[in-house]
Amino acid sequence: MPFMPVKFNLQKRVKLAQGLWMLYWVSVMVGILIFSLGIFFKIELRKRSEMMDNNEGHLVPNMLIMVGLLACGINAFGGKVCHDSLDPVKFAKWKPMLKTYLTLCCGFNVLLLLAAVLCFLMQFAVYLTLAEGLKNSIKFYKDTDTPGRCFMKRTLDMTQIEFRCCGNNNFRDWFEVQWISNRYLDMSNDAVKDRVLSNVEGKFLMDSVPFSCCNPGSPRPCIQHHLTNNSAHYDYDHRIEELNIWTRGCREALFAYFSSMMSSIGVLIIGTIFLESVDMAGLKYLCTALETMEDPENPECESEGWLLEKGVKETFSDLLAKMKTMGKANQVEEGAEEAAG
């Protein structure tokens with residue numbers, strides 16, 4: 001007995017075909033959206049590659065681009081089939097391909113599921129890459145004369161301004177590195193010389209941050225130097241006063257940006273899987289309804305459509321039996337080859 005049978009007349013078949021045609025083209029638009037998001041995500045990763053130590057992974061955006069293109073092609077084909085389904089002559093040429101097409105759609109849904117899972121799982125990899133990349137970016141901030149790092153300062157400054165963040169974990173990360181190049185240090189100045197000599201590694205460290213850490217929304221002029229020295233500023237106590245620099249770390253800010261993007265895309269893909277499943281079910285009903293027409297020459301006659309020709313249990317049993325038969329056939333072929341050898 002067929003699984004979930006439904007009776008159809010001409011009016012129902014027409015409505016189903018029209019509705020499916022619209023759904024398929026909605027799916028095409030969703031495919032274009034996924035493709036566009038993949039391109040956008042890839043561009044964003046490229047833009048922030050220096051913040052990721054040029055070690056960012058493009059698996060997810062590449063998969064999104066591929067999935068988006070496949071969605072456009074597969075659903076455009078489905079829309080064409082639905083458009084031609086009510087014309088017996090046109091539908092006849094599509095009929096032999098439908099079984100393969102539906103199998104392809106099942107495989108595509110598996111691919112979509114994989115893409116959705118990757119969107120969520122790869123967030124951890126992005127977090128680790130950002131942690132290491134930002135740490136190195138801060139370290140190389142001063143190297144404006146070093147080939148390959150010339151624009152690191154500009155990139156990091158623009159990142160801190162755009163994402164309203166400071167440092168890797170927080171603004172104190174700048175206290176641990178020398179972020180001013182030696183060429184801009186007056187080594188004849190005793191204060192500078194003493195600070196360099198007092199450091200084991202010979203670095204010029206100070207409790208200061210770059211200008212890009214400043215919060216323009218603060219009513220007080222930006223205090224970016226001597227942040228922990230209360231006596232260096234009037235009416236200032238860094239322990240209780242809200243600093244007028246960004247206190248959020250760039251790793252947190254960038255990760256929040258990328259993770260929200262990836263999560264949103266993942267949710268969109270899960271919705272796409274549901275939409276594709278509805279398309280497949282509708283097309284199966286339409287095909288079976290057209291195949292079971294009592295009088296194919298009379299479009300007014302009734303027919304019956306279903307999702308599965310047999311029950312779920314019987315269908316799975318048949319599928320397992322076919323897989324076992326294929327496995328045995330392969331074993332026989334391998335045995336024959338070994339005997340011949």
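I want to check the label-to-label distance for Leu102 and Lys15. Put each point 7 Å from Cα in the C-beta direction and report it in nm to one decimal.
Each label point is offset 7 Å from its Cα along the Cβ direction, giving 2.2 nm.
For Met66 and Asp190, what does the FRET efficiency come to when R0 = 45 Å and r is the distance between their Cβ atoms, rounded to the nearest 0.05?
Working from the Cβ atoms, E equals 0.10.
Distance in nm between label sites at Phe124 and His233, each 7 Å beyond Cα in the beta-carbon direction?
4.0
What is the packing order of peptides 243-253, 199-209, taking the mean over residues of other C-beta atoms within 10 Å and listing the highest first?
Details: 243-253: 20.3, 199-209: 14.7.
Result, highest mean first: 243-253, 199-209.
Between the stretch 235-276 and the stretch 100-166, what is the C-alpha centre distance in whole Å?
Cα centres, the stretch 235-276 to the stretch 100-166: 13 Å.
Set the Förster distance to 22 Å, then compute FRET efficiency between Ser264 and Ile43 from the Cβ-Cβ distance, nearest 0.05.
So the FRET efficiency works out to roughly 0.85.
What net charge do the residues around Cys166 carry, taking every other residue with its C-beta under 10 Å from that of Cys166, with Lys and Arg at +1 and Asp and Glu at -1?
It works out to a net charge of +2.
Residues in the stretch 230-259, backbone N under 19 Å from the label point at Ser218 (7 Å along the Cα-to-beta-carbon vector): list them, ranges by number please.
230-251, 253
Please tell me which of these pairs span more than 22 angstrom C-alpha to C-alpha: Lys47/Lys135; Lys80/Lys284; Lys135/Lys193?
Lys135/Lys193
Once R0 is set to 45 Å, what does the formula 1/(1 + (r/R0)^6) return for the Cβ-Cβ distance between Lys95 and Leu59, expressed as a FRET efficiency to the nearest 0.05?
Computed FRET efficiency for Lys95 and Leu59: 0.75.
If you average the sequence gap of Cα pairs under 8 Å that are 6 or more apart and divide by the length of the stretch 171-247, what percent do you get for the contact order?
28
Determine the gain in length on full extension of the stretch Ser277-Arg183; use 0.36 nm per residue of separation and subtract their C-alpha separation, reporting nm with one decimal.
Gain on extension, Ser277 to Arg183, equals 27.5 nm.
Readers should treat all values here as calculations from the given coordinates under stated rules, not as data from a laboratory. The shown structure was predicted, so the numbers you read here are calculated from the model rather than taken from an experiment. So basically every Cβ, Gly included, is an ideal-geometry build from the backbone, and we count neighbours across all protein chains shown.
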